[in-house]
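What follows is a short report on a single structure.
Each value in this text was obtained by applying a stated rule to the coordinates, not by laboratory testing. What you see is a predicted model; the values in this text were computed from it and never measured. Note: ideal-geometry Cβ built from the backbone for every residue, glycine included; neighbour counts use all protein chains shown.
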Amino acid sequence: MRGKVSIIVGGHYGDEGKGKIISYLALHDRPTIVARAGVGPNAGHSVYYRGKKYGLRMIPCGFIAEQAKLYIGAGTLVDPERFLKEVEMTGTKSRVWIDKRCAIIEEKHKREDRVGKANEIGTTGSGCGPANAARVNRIAKQARDIPELEQYLADVPLEINKAIDGGEDILVEASQGFGLSLYYGNYPYVTSKDTTASSACADLGIGPTNVSDVIVVFKAYMSRVGRDPYINYLSDEEIKKSPIWSRILKEAEENKVQGKTAQEKIAYYFDEKGTVTGRPRKIAEFDYQLAHYALKVNGATQVALTCLDKLFPECRGARELKELSSSAKNFVENMEKKIGHRITLISTGPNPEEIIDLRC
């Protein structure tokens, strides 16, 4: 029997809580391999485990499943300094490998990423755009050219496909979100490559016929770091008129959070800061039109919903559907109707076990 390949992708603009979903699946489903696809260290995933928060930009979030081997695919850019720092931070030296063909981010790429057009659109400054440009121009260094990475090199497609043929399960961790796709996002306010499940397959050398599940992750609301005039961010007036958002604003003010505007207060109250940049994220209502499009283009088989507990704090830590309040249940049911898809995973807190698993 062939192994099962599950791909986790973001349905909006990144920041959907993919790290939480991946960490739960890695612990619960016990895949043999957790593999990182995506652009590179411009995307950060947060993982809460055993009382500690990990802000990861290179190592797969599934590292918390100690039985899993960890791979970074050839399509993903590698910052050697950041990679080695995270290896030490996560204690994964003996079980993490990067494809020998990964392109390398150099210091000059980071400098280029902080000026000109990159600065105008609010990139993370991680050097990914210039490094991908160098790769297209056939002048980028590869992982096999960096002596410090020698012990971590592998032929990732070979290893993953061997595992699939041997009946082992693979969890694929994509980065960013559908709205940031170079092809399908709000150009030019996008990242430097495609961000769909199809690209995740290409990044790792997995053929599309080997994919069993594509789980698209949405947050109960939207947020984004970076500039994008095409997103309808919540105005202070809209926040004050909305029953849900006005309640949250009141809670934020009662807790004396920082922020001059209602938007800023909610962002800080929710701890909505970019994992890579540390910049406060801007909050927007859920974009159903974009969600519907993301589900189609990614070929979603399942949907995961995160941060329900932020809108409905009474649901924090729930692990069964019956534990949700009636307002939270109505919110989820309404979302399912609007996106035309059943939600099978509902996150009710930052820790891996705080989830309602409705998969068959």
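In order along the range 53-65, the Karplus-derived 3J(HN,Hα) couplings, from 6.51 cos²θ - 1.76 cosθ + 1.60 at θ = phi - 60°, round to 9, 10, x, 9, 10, 10, 6, x, 4, x, 4, 5, 8 Hz, and Gly and Pro are given as x. Given an 8 Å cut-off on Cα distances and at least 6 residues of separation, report the relative contact order of the range 103-214 as a percent. Answer for the range 103-214 is 19 percent. For the chain, the longest principal axis of the Cα atoms and the long axis of helix 326-339 meet at an angle of about 60 degrees. Under 5 Å from the amide H of A284 lie the amide H atoms of M222, S223, L234, each residue being 5 or more positions distant or on a separate chain, with H modelled from the backbone and absent for Pro and chain starts.
Can you tell me how the range 33-154 classifies by the Cα gyration tensor, rounded, prolate or oblate, using a/c under 1.5 as the rounded cut? Oblate. Pairs spanning more than 25 Å between alpha-carbon atoms, out of K310/K337; K282/K322; K85/K108; K52/K273: K282/K322. Can you tell me how the range 213-337 classifies by the Cα gyration tensor, rounded, prolate or oblate, using a/c under 1.5 as the rounded cut? In terms of gyration-tensor shape, oblate. Whole-Hz Karplus values for the range 265-271 come out as 4, 5, 4, 6, 5, 7, 6 Hz, taken residue by residue from phi with 6.51 cos²θ - 1.76 cosθ + 1.60 and θ = phi - 60°; glycine and proline positions read x. Expressed as an acute angle from 0 to 90° and rounded to the nearest 10, what is the orientation of the C-alpha long axis of helix 18-29 relative to the principal long axis of the chain? Orientation of helix 18-29: about 70 degrees from the principal axis.
Backbone amide hydrogens, once placed in the peptide plane, bring V172 within less than 5 Å of S6, I7, I8, A35, excluding anything fewer than 5 places away on its chain. Over the C-alpha atoms of the range 156-267, the Rg to Rh ratio, Rh being the Kirkwood estimate, stands at 1.15. Using a Gaussian network for the chain with springs between C-alpha atoms less than 10 Å apart, which of these wobbles most: G177, G55, G116? Judging by the Gaussian network model, the answer is G116. Average 1/r across all pairs of distinct alpha carbons in the range 233-284, invert it, and you get the Kirkwood radius: 10.9 Å. For the pair K241 and N330, a Förster radius of 30 Å applied to the C-beta separation gives a FRET efficiency near 0.95, rounded to the nearest 0.05.
With contacts taken as Cα pairs under 8 Å and at least 6 residues apart, the range 233-284 reaches a relative contact order of 33 percent. Taking R0 as 25 Å, what FRET efficiency do you get between R316 and S212 from their Cβ-Cβ distance, rounded to the nearest 0.05? Between R316 and S212 the formula returns 0.20.
Put simply, the amide H of I72, placed in the peptide plane, has neighbours under 5 Å in R36, W97, I98, D99, leaving out anything fewer than 5 places away on its chain. Suppose a student asked you for the relative contact order of the chain, using Cα pairs under 8 Å spaced at least 6 residues apart; what percent would you report? It comes to 22 percent, rounded to a whole number. Counting only alpha carbon atoms, the long axis of helix 156-165 and the longest principal axis of the chain meet at about 80°.
Computed from phi, the 3J(HN,Hα) profile of the range 301-306 under the Karplus parametrisation 6.51, -1.76, 1.60 (θ = phi - 60°) reads 9, 9, 10, 10, 10, 10 Hz, with x in place of Gly and Pro.
When Rg and the Kirkwood Rh are both derived from Cα coordinates, the Rg/Rh ratio for the chain amounts to 0.95.
Normalised size of the range 5-218, defined as Cα radius of gyration per 2.2 N^0.38 Å with N residues, equals 0.94.
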